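This is the structure, below, for whatever I ask next.
The values are calculated or read from the model by the stated rules, or taken from the named source; none is laboratory data. Values in this document were obtained by computation on a predicted structure and should not be read as measured data. Cβ placement follows ideal geometry from the backbone for every residue including glycine, while neighbour counts extend to all protein chains displayed.
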Amino acid sequence: MSKQSTFISDTHAAQLVAIFANEIRAFLQYLASSIKYSTLSRVDNNQTILSQVESAIVGNVKTFLAHPERFSDRQLVEHGMDFNKALEHPIRIEVRTLPEVSGCAQIAVRGICGDFRREALDRIAQTDLLKSGSFYLRVSGSASFEINQAGVDKSLPIRYLRHKWPQILRTIKYKPGEQLDCSQSLTVITADGDGTTFSGPSLSQAPTIRTSQAYPAILEYLKRGGIYVIISGNHLQRTVSRVKGMVPDELIGRIMIAANGGANMVYFDQKGDVWELKDYRENALKTVQAADSGHDLDMIYIGDDGRQSGNDREAFEAVGYGRSILVAKTVTDDIIPDLKERYVGGLEGGTRKVLEAVNQRIDQNPRQRVFTDENYRDLIQGVQSG
């Protein structure tokens with residue numbers, strides 16, 4: 001494995017699994033004690049504790065007490081091994097790998113909720129392995145952690161696009177549309193997956209792009225010649241499965257996906273087959289360290305998590321707040337102040353409105369840069385007032 005690889009080594013992956021599996025078991029043991037030894041005088045207190053925990057996780061406590069072996073390191077990893085079936089297990093560890101590639105792209109751990117998750121995070125951060133500075137650890141969703149190699153986050157695909165734009169267009173065999181030539185205008189829309197491009201997953205299913213409110217507008221953007229890059233913290237194969245076969249063959253080649261928190265990047269050929277950008281995995285970390293900032297891309301980022309601790313923060317920062325659009329469901333106190341001015345709301349419905357405005361702008365000024373300062377301001381104001 002290259003020293004600059006975006007992947008975590010097999011040795012470190014095993015050590016990380018052991019650390020997180022111990023935290024999961026400690027959490028389940030704590031829940032078991034809270035439930036098992038409740039007395040009438042402690043009911044209210046225990047209900048407060050349990051209100052922070054998903055019912056599906058609480059439902060596993062009895063199984064944990066009767067069969068602790070089902071929550072061994074190995075079993076937790078097996079629960080997350082098949083990306084199609086992993087959603088059936090609310091408590092799991094996903095070691096996200098690629099066939100015939102050593103190491104793993106990302107480790108996603110699910111099963112600790114509420115304030116307990118923050119406490120676990122603090123403990124884990126103090127382990128020798130995490131204190132080494134070799135890994136990037138963050139919370140995700142309501143009950144998950146995500147671990148990547150240091151330097152791998154949602155900003156990495158954006159910075160790589162800037163440095164490698166002409167080479168990427170050649171690799172994906174990009175063909176311009178009648179209204180937009182991204183090789184000349186350098187236009188690209190980057191966007192989060194869950195809650196932005198498509199609906200977020202439930203415990204049992206992951207909605208596809210075809211069922212998204214944004215789907216018609218995304219298709220129209222692609223028809224005009226636009227390139228759309230999904231940047232997701234989710235499993236690469238799971239994200240691909242939500243797009244593959246859902247977009248017409250003549251347009252699918254204009255969609256790219258960076259997933260596993262920014263550890264992998266893939267594209268589709270005109271038959272809908274998926275290909276990895278190997279250079280990204282092997283060299284992206286080195287590439288973005290170059291002194292120059294790369295090409296001046298005509299780019300925006302659309303995301304739904306505008307919190308300082310949110311998993312879209314690095315992407316917003318990489319593209320710049322002056323080219324960011326927030327489609328969060330609501331504006332909360334912990335939203336980054338610069339993003340409050342760029343809030344349109346609506347989740348994937350908000351993305352639809354943004355893409356509709358973008359398509360209208362392209363039609364009015366074909367083959368021009370779309371996201372100039374003036375156009376961007378007009379875009380935000382138009383969607384906010386519409």
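Scan segment 81-92 and give yes if some residue there is of a type in the set (A, V, I, L, M), modelled with pLDDT of 90 or more and surrounded by 12 or more Cβ atoms within 10 Å (Cβ to Cβ), otherwise no.
Within segment 81-92, the first condition is being of a type in the set (A, V, I, L, M), and the residues that meet it are 81, 86-87, 91.
Still in the running and modelled with pLDDT of 90 or more: 81, 91.
Next cut, surrounded by 12 or more Cβ atoms within 10 Å (Cβ to Cβ) only: 81, 91.
Yes.
Hey, which of the helices (runs of 4 or more DSSP H) in segment 158-275, taking only ones fully inside, have at least 3 residues that are not polar (S, T, N, Q)? Quick ask: steps written out before the conclusion?
Values: elements: 182-185, 215-223, 236-241, 249-252.
By residue number, 215-223, 236-241, 249-252.
Being touching a residue at least 40 places away in the same chain (Cβ under 8 Å) and charged (D, E, K, R) is the filter; apply it to segment 354-377 and report the residue that is farthest from Y228 (Cα to Cα).
Here the answer is D373.
Between residues in segment 83-106 that are farther than 15 Å from Q237 by Cβ and residues that are among the acidic types (D, E) and surrounded by fewer than 22 Cβ atoms within 10 Å (Cβ to Cβ), which pairs lie under 7 Å by C-beta distance while being six or more apart or on different chains?
P90/E54; S102/D10; G103/D10
Give segment 298-328 a look and list any residue that's of a type outside the set (G, A, S), free of Cβ contacts under 8 Å to residues at least 60 places away in the same chain and not in a helix (DSSP H, G or I), or say none.
R307, Q308, I325, L326
OK, next. Quickly run through segment 336-367 and pick out the residues that are surrounded by fewer than 17 Cβ atoms within 10 Å (Cβ to Cβ) and either over 28 Å from E178 (Cβ atoms) or not charged (D, E, K, R) (or both).
Scanning segment 336-367 gives P337, D338, K340, E341, G345, G349, Q360, Q364, N365, P366.
Right, next: Residues of segment 179-212 being farther than 21 Å from R238 by Cβ, in contact with a Lys or Arg (Cβ under 8 Å, 6 or more places away or on another chain) and either surrounded by 15 or more Cβ atoms within 10 Å (Cβ to Cβ) or at pLDDT below 95 (or both), which ones?
If the condition is that a residue be farther than 21 Å from R238 by Cβ, in contact with a Lys or Arg (Cβ under 8 Å, 6 or more places away or on another chain) and either surrounded by 15 or more Cβ atoms within 10 Å (Cβ to Cβ) or at pLDDT below 95 (or both), then Q179, L180, D181, S185, L186, T187 are the ones that fit.
Looking at Y221, Y215, which is the one that is among the aromatic types (F, W, Y), surrounded by 24 or more Cβ atoms within 10 Å (Cβ to Cβ) and touching a strand residue (DSSP E or B) at 6+ places or on another chain (Cβ under 9 Å)? Spell out the reasoning first.
On the way: Y215 fails: surrounded by 24 or more Cβ atoms within 10 Å (Cβ to Cβ).
None of the other options fit; the residue is Y221.
Could you tell me whether any residue of segment 121-133 is over 29 Å from D279 (Cβ atoms), in contact with a strand residue (DSSP E or B) (Cβ under 6 Å, 6 or more places away or on another chain) and assigned to a loop (DSSP other than H, G, I, E, B)?
no
When the residues of segment 271-313 are filtered to those that are within 20 Å of S5 (Cβ to Cβ) and hydroxyl-bearing (S, T, Y), which remaining residue is farthest from the chain's Cα centre (by Cα)?
Here the residue is T287.
Also: Just need a number here: residues in segment 140-150 that are surrounded by fewer than 20 Cβ atoms within 10 Å (Cβ to Cβ) and touching an Asp or Glu at 6+ places or on another chain (Cβ under 8 Å).
2
Right, another one. What residue, among those in segment 24-53 that are of a type outside the set (S, T, N, Q) and in contact with a Gly (Cβ under 9 Å, 6 or more places away or on another chain), is modelled with the highest pLDDT? First the steps, then the outcome.
The first filter runs over segment 24-53 and keeps only residues of a type outside the set (S, T, N, Q), leaving 24-28, 30-32, 35-37, 40, 42-44, 49-50, 53.
From the residues that got through so far, the ones that are in contact with a Gly (Cβ under 9 Å, 6 or more places away or on another chain) too are 24, 27-28, 49, 53.
Values: I24: 96, F27: 93, L28: 93, I49: 58, V53: 82.
That would be I24.
Follow-up. Is it the case that V139 is modelled with pLDDT of 90 or more and not in a helix (DSSP H, G or I)? Working first, answer last.
Working: modelled with pLDDT of 90 or more: no; not in a helix (DSSP H, G or I): yes.
Spelling it out, it is not the case that V139 is modelled with pLDDT of 90 or more and not in a helix (DSSP H, G or I).
If only one of D73, D153, D128 is surrounded by 15 or more Cβ atoms within 10 Å (Cβ to Cβ), over 24 Å from the mean Cα position of the chain (by Cα) and charged (D, E, K, R), which one is it?
On the way: D153 fails: over 24 Å from the mean Cα position of the chain (by Cα); D128 fails: surrounded by 15 or more Cβ atoms within 10 Å (Cβ to Cβ).
When all the criteria are applied, what remains is D73.
If I ask for residues that are surrounded by 18 or more Cβ atoms within 10 Å (Cβ to Cβ) and either among the hydroxyl-bearing types (S, T, Y) or in a helix (DSSP H, G or I) (or both), which ones from segment 284-297 would you list? Please lay out each step first, then the result.
First, the residues of segment 284-297 that are surrounded by 18 or more Cβ atoms within 10 Å (Cβ to Cβ): 284-285, 287-288, 297.
A284, L285, T287 - these are the residues of segment 284-297 that are surrounded by 18 or more Cβ atoms within 10 Å (Cβ to Cβ) and either among the hydroxyl-bearing types (S, T, Y) or in a helix (DSSP H, G or I) (or both).
Here's a follow-up. Could you please find all residues in segment 188-242 being aliphatic (A, V, I, L, M) and closer than 19 Å to Y160 by Cβ? Step through it out loud before you land on a result.
The initial filter retains those residues of segment 188-242 that are aliphatic (A, V, I, L, M), namely 188-189, 191, 203, 206, 209, 214, 217-219, 222, 227, 229-231, 236, 240.
Within segment 188-242, V188, I189, A191, I227, V229, I230, I231, L236, V240 qualify.
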